[in-house]
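Data block below; observations after.
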Amino acid sequence: MMSEEVPVINVEQWQPRTSVGKLVKEGKINSIREIFERNLSILEPEIVDALLPNLKYEVMDIDIVQRQTDAGEISRYKVLIIMGNMDGYVAIGTGKAKQVRVAIQKAIRDAKLKVIPIRRGCGSWECTCGQSHSLPFRVRGKAGSVEVELLPAPDGTGLVAGGPLKTLLSYAGVRDVWSFTRGETRTRENMIRAGYNALYNTFKFVTITDWARRR
């Protein structure tokens, strides 16, 4: 499916309801990365609208889910999306509703609350360009039975990954990577979630550069 622009609210009319939202509104927090490094939580989608206005999303999967009630079975659509700015920030989200359009809106809201910064770099021993085209080190992620391992690759390698994983990496702004997968990889949602968890782990370790910046 085609990439779409993420709709945003009018930040000027936004009335924050959380302490993090108030700090963003007052200009005391200026980036999602700062929220992440201070171990704070994004509880309002308007925070992302204010700090990352140029996000795009792509619908990756639409399923019909059913729930048994006293009145019979109720069918709803379940939508899975990938969201990112193609430059270091990515998220995934799901939404359920009787109409696809409403399910997509719910998935967008869910994804905004799960935006994470990605640490990029040039961690391949075959490449010494020093640019942020790949990952700084090997990372792993798991969701259900699916395990994803991402390895730094030299500049020009491209994204050596399966379809859903390749889309996720593109929205994160990663251009070169090698990947290995295990488990029931035909389960698209688990494949994407495992890749998302792997990218989340790029902040699991503190690098020398991060340590120097925080001093």
> In whole Å, what are the Cα extents of the stretch 139-211 along the three principal axes, biggest one first?
Replying inline: 38, 26, 18
>> Translational diffusion coefficient of the stretch 82-204 at 20 °C, 1.002 mPa s, Stokes-Einstein with Kirkwood Rh over Cα pairs, in µm²/s as a whole number.
In response: 148
> Using only the Cα atoms of the stretch 1-152, what do you get for the radius of gyration and for Dmax, in Å?
Replying inline: 18.3, 64
>> Cut-off 10 angstrom, C-alpha nodes, Gaussian network model of the chain. Which of LYS166, LYS56, LYS22 fluctuates the most?
In response: LYS22
>> Quick check for the stretch 1-139: number of Lys pairs with alpha-carbon distance under 16 Å, counting only pairs 8 or more apart or on different chains?
In response: 10
>> If you restrict to DSSP beta bridges whose two residues both lie in the chain, what percentage is antiparallel, to the nearest 5?
In response: 95
>> Suppose only helical runs count, i.e. DSSP H with n ≥ 4. What mean residue ellipticity at 222 nm does that imply for the chain under -39500 (n - 2.57) per run, divided by all residues and rounded to the nearest 500 deg cm²/dmol?
In response: -8500 deg cm²/dmol
>> Please report the spacing between the Cα centers of the stretch 4-72 and the stretch 90-123 in Å, no decimals.
In response: 9
> Gaussian network model of the chain, Cα springs within a sub-10 Å range: biggest mean-square fluctuation belongs to which of ARG67, ARG101, ARG175?
Replying inline: ARG67
> Order of SER170, SER75, SER31 from fewest to most other C-beta atoms within 10 Å?
Replying inline: SER75, SER31, SER170
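Each reported figure results from applying straightforward, stated rules to the coordinates on display, with no laboratory input. Remember, it's a predicted structure, so these values are computed and weren't measured experimentally. In this analysis, Cβ positions are derived from the backbone assuming ideal geometry, glycine residues included, and neighbour counts consider all displayed protein chains.
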